[in-house]
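Every read-out reported here was derived from the displayed coordinates using simple, explicitly stated rules and does not represent laboratory data. A quick note: this is a predicted structure, and the numbers were derived from the prediction, not measured. Positions of Cβ are backbone-derived with ideal geometry, glycine not excepted, and every protein chain shown enters the neighbour counts.
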Number of protein chains: 2
Amino acid sequence: MSDSHTIAVDAMGGDNVPAVPVQGAVMAARRSGLRVLLIGDADAVAAELAKEDVTGLDIQVVPSEGVVNEGEHPVLALRSKPNCSIAVTAGLVKAGKADALVSMGSTGASMAASVLALGKFPGLDRPTLGGPFLSLAPNTTIIDLGANVDSKPSQLLSFGALGASFQRIYNKTENPRVALLSVGSEEGKGNRQVQEAHALFSASGLNFVGNVEGHELFQDKADVVVCDGFVGNVLLKFTEGLAEAAAQYLAKTLGPDSEAVQRIRGLAGAAEHAGGPLFGVNGVAVVGHGRSPAEGITAAIELAARCLDVGLVEQMQADLAKVLHKAGAEA
Amino acid sequence: MSDSHTIAVDAMGGDNVPAVPVQGAVMAARRSGLRVLLIGDADAVAAELAKEDVTGLDIQVVPSEGVVNEGEHPVLALRSKPNCSIAVTAGLVKAGKADALVSMGSTGASMAASVLALGKFPGLDRPTLGGPFLSLAPNTTIIDLGANVDSKPSQLLSFGALGASFQRIYNKTENPRVALLSVGSEEGKGNRQVQEAHALFSASGLNFVGNVEGHELFQDKADVVVCDGFVGNVLLKFTEGLAEAAAQYLAKTLGPDSEAVQRIRGLAGAAEHAGGPLFGVNGVAVVGHGRSPAEGITAAIELAARCLDVGLVEQMQADLAKVLHKAGAEA
């Protein structure tokens, strides 16, 4: 990865702030030589930084005022708190003072601030979040994971186009197979949303392989699986909960330190630490889980740098334009 | 369980018919002393029965013609094949020649045939399927599991009422806690369907505890979790697929016969063999998984007998009427 990038990190987003984002940023600066801006309450961030050895690291603090809390309406909160951490973070990218941003939440605020500062891809209705969150299907991108609910069929199509683009660039999958998550494999199966999307996908020029069912996510039937963010978010959190519950269940008979328990717990961890780029904004914005540990934030910062290296945004813009052009021609 | 019941079993529904339903029926008749009617192609069913020791068992074959296949439109198929196995099976209950029916699918056809023959509960829009399918949350009823998609908020309320009634009768939970599955715990979180349902549940007289998220299904936050059948069916099948994939993953390092692998596989099996009564039809109709082994069919037959013993249908009718009355008074 190139070490010439500057990454703006929202130090106030997530569960244990600013301690955890500061620790994650220091690790990323040390390991990858990246320049990091930490945005947050200046005194609190400086106090956390003082606990770390930052000799030779390029880390700067940028002050902000306030934070958008979980449960606040993102757009209204950004309007009433224009100098909050996520707004300042996104503003640094807009102003060219940083190349990419990283935030651990809230997802809604990160998304709204990124869209306001950086704008959406031409022709795109809504940006989206997706990625390979299943440890047992590590090469399958699932999209949307909760950024959008009540998605229109045309929005599902844009999720598919952006997910396929990500899969091609990030997982190096040539001509990725794209599927719709549904409750039956036949074309007519599913809710209205999926049934209507099926026709759009069929005519999209994407390598559309039809519907997959829940168990088929583990059977390598598709590289990109598209669903409404309500379904994707339920699955993401369900996977975390199930893996943790399975680990506790096995721990009772096999012992808490058994290899099986550690392995199953590892599966849960992967879902929990998942962070990914927001797809569809004109800039690199990596959004992670509020419960991410410092290692998760380091990984998110390094992921942002890699997205810059490969020109993710420019390639995804071009890929989406192709699908939208084809959809326009069909319509 | 009382052995005085007669259970009608569709011998042509499921993946390996009529062999597996016949084996399951013979086991149930032997173990529980139930009278079983096997409905299907008379020659094929008789040929399978000839392989079994049926000495002293009360098993009779009732001939039918044709079967509703997966992927066929249930109502249209029933109209064009009035003597198909599931129609004859449900007709026997309607005619009083059997006390309950058991079918392994298709779910749509079982539901349509049961509604046509037995009728729905007064005031109910759509019957539903639900039950405790998570081995790691064995006392949590999840409803709907795929019988209904694109459910109206008022339909979700009826799922909640019927699920709570089932939970009270079947799991002996006094005043069961009812929750909506959503993507955030606050009232405003979720898609439009859940947001609108939230208000109905709040005013329903049910012991409504608000939203739960995917991971909270394993945290004993609710006894009954209500969702659209699209979401429930994806979760049901996802759980099967995840448990099987986790077992294969552990088998690679711990060996296929290790205790951990067998335990994880057991978790998958429970989901796969889940069968439950259709809620909201005026009779006991237990619908199971098409891939059920013979033991699953035996369990479904015995479940049907227990539902008759406890007067499940009459109690659920009364419980639903209470909620509908309260909803009517609020409206």
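Which of the lysines could be linked to B:LYS94 by a straight reach, that is with a Cα gap under 21 Å, when you skip same-chain ones fewer than 8 residues away? Filter leaves B:LYS81, B:LYS120.
Normalised by the number of residues in region A:125-273, the average gap of Cα pairs under 8 Å and 6 or more apart makes the relative contact order 29 percent. Near the amide H of B:ARG177, within less than 5 Å, lie the amide hydrogens of B:ASP223, B:VAL224, all on another chain or at least 5 residues away, with H placed in the peptide plane.
With contributions of -39500 (n - 2.57) from each DSSP H run of at least four residues, the per-residue ellipticity at 222 nm computed over chain A stands at -15000 deg cm²/dmol.
Need one number: % antiparallel among DSSP beta bridges in chain B, to the nearest 5. Don't skip to the end; give the middle numbers.
On the way: 7 of 34 bridges.
About 20 percent, rounded to the nearest 5.
Taking the axis that rotates chain B onto chain A, the chain B residue nearest to it by Cβ, with the distance rounded to whole Å, is B:ALA260, 2. Evaluated at q = 0.24 Å⁻¹, a Debye calculation over the C-alpha positions of region A:1-49 (equal weights, vacuum) places log10 I(q)/I(0) at -0.82. In order along region B:17-23, phi translates into HN-Hα couplings of 10, x, 4, 5, x, 5, 4 Hz, rounded to whole numbers, per the Karplus curve 6.51 cos²θ - 1.76 cosθ + 1.60 with θ = phi - 60° and x for Gly and Pro.
Give me the percent relative contact order of chain B, please, defined on Cα pairs under 8 angstrom at least 6 residues apart. It would help to have the intermediate numbers written out before the result.
Working: 701 pairs, mean separation 72.5, N = 331.
Answer for chain B is 22 percent.
Applying the criteria of a DSSP loop state and at most 14 other Cβ atoms within 10 Å to the trypsin sites (Lys or Arg not before Pro) of region A:165-219 yields A:LYS172. Here region A:1-140 has an Rg and Dmax of 15.4, 47 Å, counting Cα atoms alone.
Any idea which of A:ALA243, A:VAL75, B:THR173 is furthest toward the positive side of the dipole for the protein assembly as shown, if Lys and Arg beta-carbons carry +1 and Asp and Glu beta-carbons -1? Selected residue: A:VAL75. Close amide H pairs (under 5 Å, H built 1.01 Å from N) link A:ARG35 with A:HIS5, A:ILE7, residues at least 5 positions away or on another chain.
Counting other C-beta atoms within 10 Å, and keeping those with at most 14, which DSSP coil trypsin sites (Lys or Arg not before Pro) do you find in region B:24-133?
Passing both the DSSP loop test and the Cβ count: B:LYS51, B:LYS97.
What separates the A:GLY188 label point from its copies, with the point 7 Å along Cα to Cβ, is 4.2 nm, written shortest first. Looking at the protein assembly as shown alone, DSSP beta bridges between its own residues are antiparallel in about 20 percent of cases.
Phi-derived couplings, Karplus 6.51 cos²θ - 1.76 cosθ + 1.60 at θ = phi - 60°, listed residue by residue for region A:77-90: 5, 5, 5, 7, 10, x, 9, 5, 4, 5, 5, 5, 4, 5 Hz, with x used for Gly and Pro. Couplings 3J(HN,Hα) of region B:59-65, computed from phi: 10, 10, 9, 10, x, 9, 10 Hz, in residue order, whole Hz [Karplus 6.51 cos²θ - 1.76 cosθ + 1.60, θ = phi - 60°; x for Gly and Pro]. Think of each Lys and Arg Cβ as +1 and each Asp and Glu Cβ as -1; about the Cα centre, that makes the dipole of chain B roughly 440 debye. The P(r) of region A:221-326 has a tail past 23 Å containing 46 percent of all C-alpha pairs.
Starting from the label point of A:GLY205 at 7 Å along Cα→Cβ, the same points in the other copies fall at 5.9 nm, in ascending order.
Taking the 0 to 90 degree range and rounding to the nearest ten, how far is the long axis of helix B:259-272 tilted relative to the main principal axis of chain B, both from C-alpha atoms? Roughly 90 degrees between the two axes.
Let me confirm the definition first: pairs of Lys residues in region A:125-273, 8 or more apart or on different chains, C-alpha distance under 26 Å. How many are there?
Numbers: A:LYS152/A:LYS189; A:LYS152/A:LYS221; A:LYS152/A:LYS237; A:LYS172/A:LYS221; A:LYS189/A:LYS221; A:LYS189/A:LYS237; A:LYS221/A:LYS237; A:LYS237/A:LYS252.
Taking region A:125-273 as the scope, the lysine pair count is 8.
In this structure, the amide hydrogen of A:VAL61, modeled 1.01 Å from its nitrogen in the peptide plane, lies closer than 5 angstrom to those of A:LEU38, counting only residues at least 5 positions away or on a different chain. Ranked from shortest, the separations from the 7 Å Cα-to-Cβ label point of B:LYS152 to its equivalents in the other copies are 2.5 nm. Remark: the protein assembly as shown is approximated by an ellipsoid whose semi-axes, taken from the C-alpha gyration tensor as √(5λ), come to 50, 24, 24 Å, largest first. For region A:97-155, the percent of C-alpha pairs falling in each 5 Å distance bin, counted from 0 to the bin holding the largest distance, reads 4, 14, 21, 24, 20, 12, 4, 1.
Are there trypsin sites (Lys or Arg not before Pro) in region A:230-325 that DSSP marks as loop and that have at most 15 other Cβ atoms within 10 Å, and which are they? Walk me through the numbers on the way to the answer.
On the way: sites: A:LYS237, A:LYS252, A:ARG263, A:ARG265, A:ARG291, A:ARG306, A:LYS322; in loops: A:ARG291.
Answer in residue order: A:ARG291.
When only the Cβ of Lys, Arg, Asp and Glu is charged (+1, +1, -1, -1), the dipole of region A:72-185 relative to its Cα centre reaches about 220 debye. Taking a ≥ b ≥ c as the square roots of the Cα gyration tensor eigenvalues, with a/c under 1.5 meaning rounded and otherwise prolate when a/b beats b/c, else oblate, which class fits chain B? Oblate. The radius of gyration of the Cα set in region A:125-273, together with its Dmax, comes out at 16.2, 53 angstrom.
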